[in-house]
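A single structure is presented below for examination.
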Amino acid sequence: MDSISANRLLHARLAPTYEIDEPHNREENKLKVRSRINDLTAKLGENLTIADMGCGTGFILELLPKRFTRLIGIDTTPEMLEILSSKLIPGLEILERSVYHTGLPDSSVDFVTGYSVLDHFESPLASIKEAARILKPGGCLYMDLIPNGNFWRALRDLTVDSGPYDQLVQREIDEVVKHAEKMATRYGISAEVLEAAEPHKETGDGFTTAVLTTWLELCRFRDISVNHEWFLGEGHVFHKQSPLEATTISEHLQRLLPMSSLHFKYLWFAAYL
């Protein structure tokens, strides 16, 4: 099964409870992403156009500042787009299309985004090339919640060991080892479909700063910034201790990069044309 068909099937099953089940819909993450978008687009002007690749039910499109007046959501799953359409977001246009061939004119968009989608693309580089094509000169590409290859490889190495591990580490191991079982039991998704829908997570090892930077440079992006986020156990520290302590630990680990890379679950990047 090809990646697009697999993702359409997977996300059709996920759609009814997607906004409840996905951790990135928690308010603390929305606050972080909203602030990030505001900072990245502050210098782009007013009356902006965004194209959100793999928009799903509209996570990114609901976090935009008022400077955006034309909002284009691109996805291949009708069930996700039906939920998005029901929200009646001002300025929203919905395109049921592949992110590789959006059909949008050259140099027509100010801001292109993709949240928790890059590992679902069979050809991530092709999606970045399409983003570069539709972006205006000076426009920005922002992609987030990208699996950090260093973390995923370290975690997979642990799964063949005996432990015992701290409960936070064990939970992550269980999530990887039992992910296919969970998806089959809860959503009726086979391992074959899951592997095709998430090729860079299920059968691959995520992404690295070097690979993402190389792809962006190939597409002639500049001012490239690839960043680490969500250290292992950050949510636990945030809720059980305090947001301040979570921030302090994150900032300390950030200072230790690249040595601390394997402690962060995800990457995000921003780049300008």
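The numbers here are math on the coordinates, done by the rules we state, and not lab data. All values reported here derive from a predicted model rather than from experimental measurement. Quick reminder, even Gly has a Cβ in these numbers, built from the backbone with ideal geometry, and neighbours come from all protein chains shown.
Tell me which residues come under 5 Å, amide H to amide H, from Ser116 once H is placed; ignore anything under 5 positions away on its chain.
Result for Ser116 returns Asp144, Leu145.
With r defined as the distance between the Cβ atoms of His239 and Glu19 and R0 fixed at 30 Å, what FRET efficiency is calculated, to the nearest 0.05?
Once the sixth-power term is evaluated, E becomes 0.95.
Moving on. If you only keep lysine pairs separated by 8 or more in sequence, or across chains, how many in the range 117-273 come under 25 Å at the Cα atoms?
7
Which residue, Glu27, Glu172, Glu62, has the most motion in a Gaussian network model of the chain that connects Cα atoms within less than 10 Å?
Highest fluctuation among the options: Glu27.
Please work out whether the range 141-273 counts as rounded, prolate or oblate from its C-alpha gyration tensor, where a ≥ b ≥ c are the square roots of the eigenvalues and a/c under 1.5 means rounded, while otherwise a/b larger than b/c means prolate and anything else oblate?
Since a/c reaches 1.5 but b/c is at least a/b, the shape of the range 141-273 is classed as oblate.
Of [x] 37, 21, 18; [y] 65, 24, 17; [z] 29, 23, 19, which is the value of semi-axes √(5λ) of the Cα gyration tensor in Å derived from the coordinates here?
Derived directly from the coordinates: [z].
Which Cα, out of Ala51, Ala6, Tyr18, lies furthest along the positive dipole direction of the range 6-61 (beta carbon charges, K/R +1, D/E -1)?
The residue sitting farthest along the positive end of the dipole is Ala6.
Using only the Cα atoms of the range 165-239, build the gyration tensor, take square roots of its eigenvalues as a ≥ b ≥ c, and label the shape rounded, prolate or oblate: rounded if a/c is under 1.5, else prolate if a/b is larger than b/c, else oblate.
Oblate shape, in that a/c is at least 1.5 and b/c is the bigger or equal ratio.
Quick one: of the DSSP bridges fully inside the range 1-137, what percent are antiparallel, nearest 5?
0 percent
Please list, in order along the range 208-219, the HN-Hα scalar couplings obtained from phi with the Karplus expression 6.51 cos²θ - 1.76 cosθ + 1.60 (θ = phi - 60°), rounded to whole Hz, x for Gly and Pro.
Whole-Hz 3J(HN,Hα) from phi for the range 208-219: 10, 4, 5, 5, 4, 4, 4, 4, 5, 5, 4, 8.
Here is a further query. Points 7 angstrom from Cα along the Cβ direction at Gln254 and Glu82: gap in nanometres?
Distance between the two pseudo-spin positions: 4.1 nm.
Nearest-5 percent of antiparallel DSSP beta bridges in the chain?
Of the beta bridges lying entirely in the chain, close to 40 percent run antiparallel.
Within a Cβ distance under 10 Å of Phe68, other residues only, what is the Lys/Arg minus Asp/Glu net charge?
Charge balance near Phe68 sits at +1.
I'd like the orientation of helix 167-177 relative to the chain: the angle between its Cα long axis and the longest Cα principal axis, in ° from 0 to 90, rounded to 10.
70 degrees
Right, here's the next one. Calculate, for Asn38 and Asp223, the FRET efficiency according to 1/(1 + (r/R0)^6) with r their C-beta to C-beta distance and R0 22 Å; round to the nearest 0.05.
0.80
Order of Met80, Met1, Met183, Met53 from fewest to most other C-beta atoms within 10 Å?
Going from least to most buried by this count: Met1, Met183, Met80, Met53.
Also: Helix 243-255 versus the longest principal axis of the chain: what is the Cα-based angle in degrees, 0 to 90, to the nearest 10?
So the inclination is approximately 90 degrees.
Compute the relative contact order of the range 23-173 as a whole-number percentage, counting only Cα pairs closer than 8 Å that sit 6 or more residues apart in sequence.
It rounds to 20 percent for the range 23-173.
Whole-Hz Karplus ³J(HN,Hα) for the range 38-54, in order, using 6.51 cos²θ - 1.76 cosθ + 1.60 and θ = phi - 60°, x for Gly and Pro?
Couplings: 4, 5, 5, 10, 4, 8, 8, x, 10, 6, 8, 10, 10, 10, 9, 7, x Hz.
So how tilted is helix 3-14 from the main axis of the chain? Cα-based, degrees 0 to 90, rounded to 10.
So the helix axis and the longest Cα principal axis differ by about 70 degrees.
For the range 1-41 and the range 114-186, what is the centre-to-centre distance using only Cα atoms, to the nearest Å?
13 Å
Let me ask something else. Per residue of the range 146-158, in order, report the coupling 6.51 cos²θ - 1.76 cosθ + 1.60 (Karplus, θ = phi - 60°) as ³J(HN,Hα) in whole Hz, putting x for Gly and Pro.
Karplus-based 3J(HN,Hα) across the range 146-158 equals 9, x, 7, x, 5, 5, 5, 5, 4, 5, 5, 5, 5 Hz.
Now for a different question. Quick check: Cα centre of the range 256-273 to Cα centre of the range 52-80, how many Å?
If you average the Cα positions of each part, the centres end up 24 Å apart.
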